[in-house]
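Shown next, in structure tokens, is the structure this report addresses.
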């Protein structure tokens, strides 16, 4: 797995708000708040999306360093969350496979 780091200079830590050319605040296309790194609370961006835990998919990290720093705490719940995630994935697979299939009968 490649170790990918985020460029710390790309984040806005000054608290400034950015405005679009019309002078209004930018609007979010979704009603959900942006995801934040579980370890350092750095928000996800389009350029640098957060990566989920490969096993449980329940937490997200901005870098491998943050994932390593949080592992001691996260490993306590990871296995349980992974089981829950797997059950959800199994349900989705069952839903897809239970869809009616077209059967064609050809007569000789």
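What follows draws every value from the coordinates through simple rules; no lab data is involved. Every value quoted in this text rests on a predicted model; they were computed, and no experiment measured them. As a convention, Cβ positions derive from the backbone with ideal geometry for all residues, glycine included, and neighbour counts pool all protein chains shown.
The table below lists the values:
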| item | result |
| --- | --- |
| Potential extension, residue 89-residue 75 segment - 0.36 nm per residue separation minus Cα distance | 3.0 nm |
| Cα Rg over Rh - the stretch 34-94, Kirkwood | 1.03 |
| Packing-based ranking, highest mean first, of 77-84, 61-68 given that Cβ atoms within 10 Å are counted | 61-68, 77-84 |
